[in-house]
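To keep things clear, I will list the structure first and then write my remarks on it.
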Amino acid sequence: MKRIKSIIYLGAFSMLLTLVSCQPQKPSSTGVFTYQFVEQKDLSEAVAVKTAVKLLELDEKPEIIVNEDRVAYYSSPKDASVYFEQDLKTGNISFSKSMQRYYGTVRPKLPSPDEANELAMNFLATNRFIDGNRAELKLVHQGGLRASSVINGEKAGPVIDKMITLTYGRIIDEMPVVGPGSKFVVNVGNGGEIVSLVKRWRQVDLQSKTEAKQEEIISEEIALRELKNNIVTNYGEGANYKVLSSQKAYYDGNGKTLQPVYVFETMVTLPDKSVNPFQYVSLVNILKSPAESVKIVIDKAAIRALKQQPDNGETPAPADKTD
């Protein structure tokens with residue numbers, strides 16, 4: 001009887017294995033995704049005027065100029081430090097209030113770093129600059145603007161903290177977003193005043209998440225070859241380099257797509273010994289056929305975003321219209 005039961009159990013187990021093997025196998029996940037940004041209609045000049053009045057706290061409507069690229073611009077005829085710029089296609093904004101109150105030996109009353117962060121976040125929320133998933137927003141750098149003067153043309157005067165500068169980046173799928181888009185730079189001044197802003201932020205359509213197939217992806221080994229070609233193209237055959245770190249990230253080039261890239265942080269040494277070794281961070285597409293072109297080299301703000309920690313050793317310039 002025990003032998004019969006054993007045969008029955010073995011037969012049932014064999015049938016189960018057969019049924020499992022006949023089931024269609026799901027392809028393994030590549031973990032490589034792309035997203036689309038939420039489409040928005042072009043803004044009107046009237047919207048830009050209204051926004052400029054609000055952000056600059058103007059008493060009258062400014063004379064806005066819209067160029068052929070659909071960028072609205074205003075510069076105060078009385079104070080060159082006052083300006084407003086808005087891309088009517090993307091909604092990206094840069095503005096600055098008057099800097100005259102911060103010139104010279106004036107020592108503004110600045111909030112604490114935590115208070116500055118809270119003020120900046122309230123400002124972004126109040127102006128609906130971070131509609132959507134706020135969990136994507138991350139403070140990646142906190143610095144400031146300092147100034148010093150020369151006393152009697154001879155000795156250095158005191159160093160004065162003029163503003164606190166906060167740089168925010170974006171995190172998607174626990175990976176940083178690099179490139180010219182997906183960031184805020186906020187300058188907080190006297191009494192918690194928001195003095196200037198750079199906004200490069202659009203809402204990501206999370207429902208558009210699309211996974212790439214394995215055959216659409218290049219390996220990190222091939223990406224390293226692309227990195228070498230990039231360095232040789234820029235610095236010549238004699239350039240030596242060491243890869244300090246590599247990781248995956250998303251790239252926002254202010255286009256329609258958020259796409260995956262490899263990020264390589266390297267130290268480059270040139271044959272010319274008068275040039276000190278320098279840090280070079282380069283991007284390589286993960287996808288063989290990316291939807292949009294990628295700017296190969298990224299800036300220092302993007303490097304800080306990758307490291308995901310504040311760098312208190314630097315004193316960045318204030319947010320400006322060229323950022």
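Computed from the coordinates by the stated procedures, all read-outs in this text should not be read as laboratory data. No experiment lies behind these values; they were computed from the predicted model shown. Every residue, glycine among them, receives a Cβ derived from its backbone with ideal geometry; neighbour counts consider all protein chains shown.
Assorted remarks:
- Extended-chain gain in nm, criterion 0.36 nm per residue less alpha-carbon gap, A80 and K213: 42.7 nm
- Distant-in-sequence amide H partners of L258 (H built 1.01 Å from N, under 5 Å): Y35, Q36, F37
- You can think of it this way: the chain between E60 and E39 has 4.4 nm of extra reach, that is 0.36 nm per residue less the Cα-Cα gap.
- Converting phi to 3J(HN,Hα) with the Karplus coefficients 6.51, -1.76 and 1.60 and the offset θ = phi - 60°, region 197-207 yields 8, 10, 10, 10, 8, 10, 6, 8, 7, 5, 6 Hz in sequence order, with x at every glycine or proline.
- Working note: Karplus 6.51/-1.76/1.60 with θ = phi - 60° gives region 171-176 the couplings 10, 10, 6, 6, 10, x Hz, where Gly and Pro are set to x.
- Over region 212-307, Cα pairs under 8 Å with separation of 6+ residues give a relative contact order of 26 percent.
- Near R202, the amide H atoms lying under 5 Å from its own belong to S182; only residues 5 or more places off or on other chains count, and H is placed 1.01 Å from N.
- Placed amide H near V32: partners under 5 Å, 5+ positions off or other chain: A212
- Protection proxy ranking of 180-189, 114-123, 220-229 - average other beta-carbon atoms within 10 Å, highest first: 180-189, 114-123, 220-229
- For region 232-248, backbone phi angles converted through the Karplus equation (6.51, -1.76, 1.60; θ = phi - 60°) give residue-by-residue couplings of 5, 4, 7, 10, x, 4, x, 6, 9, 8, 10, 7, 8, 7, 9, 6, 9 Hz, Gly and Pro being listed as x.
- Region 61-137 shape via C-alpha gyration tensor axes, a/c threshold 1.5: oblate
- Filter on K89/K256; K248/K288; K89/K209; K89/K183; K138/K199; K109/K162 - keep pairs with C-alpha separation over 19 Å: K89/K209
- For region 93-134, trypsin sites (Lys or Arg not before Pro) are listed when DSSP marks them as loop and at most 10 other Cβ atoms sit within 10 Å of their Cβ; the list is K109, R128.
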